[in-house]
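Chemist: Mind having a look at this structure? Questions to follow.
The values are calculated or read from the model by the stated rules, or taken from the named source; none is laboratory data. None of the values given here were measured: they were computed from a predicted structure. All Cβ positions, even for glycine, are placed from backbone atoms using ideal geometry, and neighbour counts span all protein chains on display. The protein model used for the area step is the full one, side chains on, heavy atoms only, and it has no ligands, DNA or RNA in it. Shrake-Rupley method; radii C 1.70, N 1.55, O 1.52, S 1.80 Å.
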Amino acid sequence: MDENKPLKVRLTFSVILVGVSLLFAAVVTDHWAVLSPKVEEYNATCEAAHFGLWRLCTKRIFMREQGPKEKGCGPISLPGEHNCSYFKHFTPGQSSEIFEVTTQKEYSISAAAIAIFSVGFAIIGTICVLLSFRKKMDYLLKPASMFYTFAGLCIIISVEVMRQSVKRMIDSKETVWIEYSYSWSFACACASFVLLFICGIALLLIALPRFPQNPWETCMDAEPEH
């Protein structure tokens, strides 16, 4: 038996917890993408937006003269009047007409649903790892590793769905947005995929029984015949 196995499991689980934290941060925050309309005149206000899986936030920003390469409104970090609303398809009483017109509702619902699956897999995997710390329950490490791997795959699929949503929104002739960028929530989702997927596979390799290094080890470990 590998004497270093408990230490390896704890180190891998520590990295996985970082990935789970990044996953939760990505799901609950509203900075997946930042949208900017074309600025026609300066020394006036323009409206930029950023959104996540659940909400769209707009900000009225006072714009001064920009450089020759800068055409959009922003950056979003500038001070201004801030307003957030949940997407209409999640809360019928709220209004988010800008997002409803300029992107596909199906994309938003799909990205949010897949992200929820990712969170569910991560929670179940964490419960399995915590239970495996008890005596004679390390067999739970194998399903835990698979749950973490599935969580990573789900969040990267959600990232791709969101990316396609933003791309189609910008390409649409009905939209006022001409520029976009992905923000820190999007980066958290990508980082969580890397950590959960790689550490999920690593946890599976740790949980597998050690292969015999010499041919006679299998014979020595075998039970004697009666």
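Chemist: Restricting attention to region 181-197, and to residues there that are of a type in the set (G, A, S) and at pLDDT 90 or above, which single residue is nearest to V20 (Cα to Cα)?
Modeler: Taking region 181-197 first, the residues of a type in the set (G, A, S) are 181, 183, 185, 187, 189, 191-192.
From what's left, at pLDDT 90 or above: 185, 187, 189, 191-192.
Working: S185: 13, A187: 14, A189: 10, A191: 10, S192: 7 Å.
Of everything passing the filter in region 181-197, S192 is nearest to V20 (Cα to Cα).
Chemist: Determine if region 140-150 includes at least one residue that is open to solvent by 20 Å² or more (accessible area, probe 1.4 Å) and at pLDDT below 90.
Modeler: Checking region 140-150: at least one residue is open to solvent by 20 Å² or more (accessible area, probe 1.4 Å) and at pLDDT below 90.
Chemist: Shifting gears a bit: Right, I178: of a type in the set (V, I, T) and modelled with pLDDT under 80 or not? Before you say what the answer is, go through the steps one by one.
Modeler: On the way: of a type in the set (V, I, T): yes; modelled with pLDDT under 80: yes.
Judged against the criteria, I178 is a match.
Chemist: Here's another thing I want to ask about it. Within region 75-129, how many residues are modelled with pLDDT under 60 and of a type in the set (G, A, S)?
Modeler: Filtering region 75-129 for residues modelled with pLDDT under 60 gives 89-103.
Remaining after also requiring of a type in the set (G, A, S): 93, 95-96.
Of the residues in region 75-129, 3 are modelled with pLDDT under 60 and of a type in the set (G, A, S).
Chemist: I need the full set of residues from region 119-141 which are among the aromatic types (F, W, Y) and within 28 Å of C188 (Cα to Cα), in order please.
Modeler: Residues of region 119-141 that are among the aromatic types (F, W, Y), as a first pass: 121, 133, 139.
Passing the criteria: only F121.
Chemist: Using the structure shown, decide if G72 is buried (at least 19 other Cβ atoms within 10 Å of the Cβ) and at pLDDT below 65.
Modeler: Numbers: buried (at least 19 other Cβ atoms within 10 Å of the Cβ): yes; at pLDDT below 65: yes.
In short, yes.
Chemist: Another question about this same structure. Looking only at residues that are free of Cβ contacts under 8 Å to residues at least 60 places away in the same chain and in a helix (DSSP H, G or I) in region 124-138, which one is farthest from the chain's Cα centre (by Cα)?
Modeler: For region 124-138, the residue satisfying everything is L131.
Chemist: Consider only pairs whose beta carbons are under 7 Å apart and that are at least six residues apart or on different chains; among these, list those whose first residue lies in region 189-209 and is under 19 Å from A25 (Cα atoms) and open to solvent by 10 Å² or more (accessible area, probe 1.4 Å) and whose second residue is part of a helix (DSSP H, G or I) and not hydrophobic (A, V, I, L, M, F, W, C).
Modeler: F193/G152; L195/G19; F197/T149; F197/G152; C199/T12; C199/G19; C199/Y148
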